[in-house]
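Engineer: Okay, handing you the structure first.
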Amino acid sequence: MFLLCFGLFIFLSVHSLRLSGDGFRDRWIARVGEKGFKLQFTAVSIVGFILILVGFGLARETPLLLWTPWPPMRLVAALLTLISFVLLAAAYVPGNAVKAKLHHPMILAVKVWALAHLLSNASAAHVVLFGSFLVWSVLCFRAARRREKRLQTSYAPGNNPSTVITVVLGGLAWALFALWGHGWLIGIRVLT
C-alpha cells in the first residue's frame with residue numbers, strides 16, 4: 001500500500017500545481033523554460049503513474065475488503081464510466097457543446113470515473129486509489145472555476161456536429177474499453 005500512496009502523492013502533487021494559483025507553476029516555467037517544464041512534468045508524472053500501477057497491483061494481491069458492494073452498482077458504474085468517456089472525448093473534440101457548457105470535461109471525467117469505481121469496489125486499495133482521484137478532481141474543478149471567474153474567461157458556444165462526434169467517439173471508446181480493454185489492461189472483465 002505504501003507504493004500506491006507514494007505514487008498517488010507524486011502524481012497528484014504534480015497535477016495540483018494550479019490548485020493554489022499559478023505562482024509555483026509560473027516560477028518553475030521561468031526557471032527551466034516551457035520545454036523544460038513539460039519534460040520535467042512528464043517525467044515526474046510517469047514515475048508517479050508507474051508507482052501507482054505497481055502499488056495498486058501489489059495491494060490487490062492481498063485485498064482488504066471494507067464492505068460488500070451492492071450488486072447493481074456494477075451497472076451504475078458502467079453507465080457512469082460511459083458518461084466519463086464522453087466527457088473525456090469532449091476535452092479533445094473542438095467546438096462541442098459539452099465543453100462549452102461544462103468548461104473542464106477532463107476533470108469531470110476523472111471525477112465521474114473515480115465515483116463509478118468507488119461505488120462498485122470495496123477494497124482498501126480501491127478506496128485509496130479512487131478516493132484520492134475523486135478528492136483531487138473536486139478540488140481541481142473548484143480551483144479552475146474560481147480561476148475562470150477571476151479571469152472572466154468565456155467559452156464559445158458548441159455546435160451540434162462536434163457534439164455528436166463527441167458523444168459517438170466517447171461511446172465507442174467506452175464500448176471498446178468495457179468489452180476488451182479493461183480485461184486486457186486491468187485483468188477484470190467488466191462486461192461479460
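Engineer: What's the number of the condition G57 fails, among (1) of a type in the set (G, A, S); (2) in contact (Cβ under 8 Å) with a residue 24 or more places away in the chain; (3) under 15 Å from V128 (Cα atoms)?
Structural biologist: (2)
Engineer: Taking the criterion of being at pLDDT 95 or above, closer than 20 Å to I107 by Cβ and not β-branched (V, I, T), would at least one residue in the range 49-69 satisfy it?
Structural biologist: Looking through the range 49-69, at least one residue is at pLDDT 95 or above, closer than 20 Å to I107 by Cβ and not β-branched (V, I, T).
Engineer: Say we look at the range 141-160 and pick out the residues that are part of a helix (DSSP H, G or I) and touching a residue at least 40 places away in the same chain (Cβ under 8 Å); which of these is farthest from L12 (Cα to Cα)? First the steps, then the outcome.
Structural biologist: Step one: of the range 141-160, the residues part of a helix (DSSP H, G or I) are 141-151, 160.
In the following step, the residues that additionally are touching a residue at least 40 places away in the same chain (Cβ under 8 Å) were identified as 143-145, 147-148, 160.
On the way: A143: 15, A144: 16, R145: 19, R147: 19, E148: 21, N160: 34 Å.
Within the range 141-160, the match that is farthest from L12 (Cα to Cα) is N160.
Engineer: Also: Filter the range 1-26 down to residues that are touching a Phe, Trp or Tyr at 6+ places or on another chain (Cβ under 8 Å), at pLDDT 95 or above and surrounded by fewer than 16 Cβ atoms within 10 Å (Cβ to Cβ), then give me how many there are.
Structural biologist: Of the residues in that region, 0 qualify.
Engineer: Given the conditions (1) at positive phi; (2) modelled with pLDDT of 95 or more, and given that T166 satisfies all but one, which numbered condition is not satisfied?
Structural biologist: That leaves (1) as the condition not met.
Engineer: Let me ask another. Grab the helices (runs of 4 or more DSSP H) fully contained in the range 67-140, keeping just those with 3 or more residues being buried (at least 21 other Cβ atoms within 10 Å of the Cβ). Lay out the reasoning, then the answer.
Structural biologist: Working: elements: 73-92, 97-102, 105-120.
It comes to 73-92, 105-120.
Engineer: Just to be sure before I move on: is F49 outside the structural domain of F130 (by TED's automatic domain parsing), over 21 Å from I188 (Cβ atoms) and either of a type in the set (S, T, N, Q) or in a helix (DSSP H, G or I) (or both) in the structure I sent?
Structural biologist: Working: outside the structural domain of F130 (by TED's automatic domain parsing): yes; over 21 Å from I188 (Cβ atoms): no; either of a type in the set (S, T, N, Q) or in a helix (DSSP H, G or I) (or both): yes.
Answer is no for this residue.
Engineer: Further question: Between a first residue in the range 172-192 that is assigned by TED's automatic domain parsing to the domain that holds L79 and a second residue that is not in a helix (DSSP H, G or I), which pairs have beta carbons less than 7 Å apart while being 6 or more apart in sequence or on different chains?
Structural biologist: A178/V190; A178/L191; L179/L191; H182/I188; H182/R189; H182/V190; G183/R189
Engineer: Consider S154 carefully, then state whether it is within 14 Å of the chain's Cα centre (by Cα) and not assigned by TED's automatic domain parsing to the domain that holds I52. Can you show your working first?
Structural biologist: Details: within 14 Å of the chain's Cα centre (by Cα): no; not assigned by TED's automatic domain parsing to the domain that holds I52: yes.
Judged against the criteria, S154 is not a match.
Engineer: I'd like the full set of residues that are touching a residue at least 12 places away in the same chain (Cβ under 8 Å), of a type in the set (V, I, T) and closer than 21 Å to F6 by Cβ, limited to the range 107-140. Walk me through how you get there before you give the answer.
Structural biologist: From the range 107-140, those touching a residue at least 12 places away in the same chain (Cβ under 8 Å) are 107-125, 127-134, 136-140; that's our starting set.
Then drop every residue that is not of a type in the set (V, I, T), which leaves 107, 110, 112, 127-128, 138.
Those that are touching a residue at least 12 places away in the same chain (Cβ under 8 Å), of a type in the set (V, I, T) and closer than 21 Å to F6 by Cβ: V110, V127, V128.
The values are calculated or read from the model by the stated rules, or taken from the named source; none is laboratory data. Model, not experiment: these values are computed from the prediction. Using ideal geometry, Cβ is built from the backbone for each residue, glycine included, and neighbour counts are taken over all protein chains shown.
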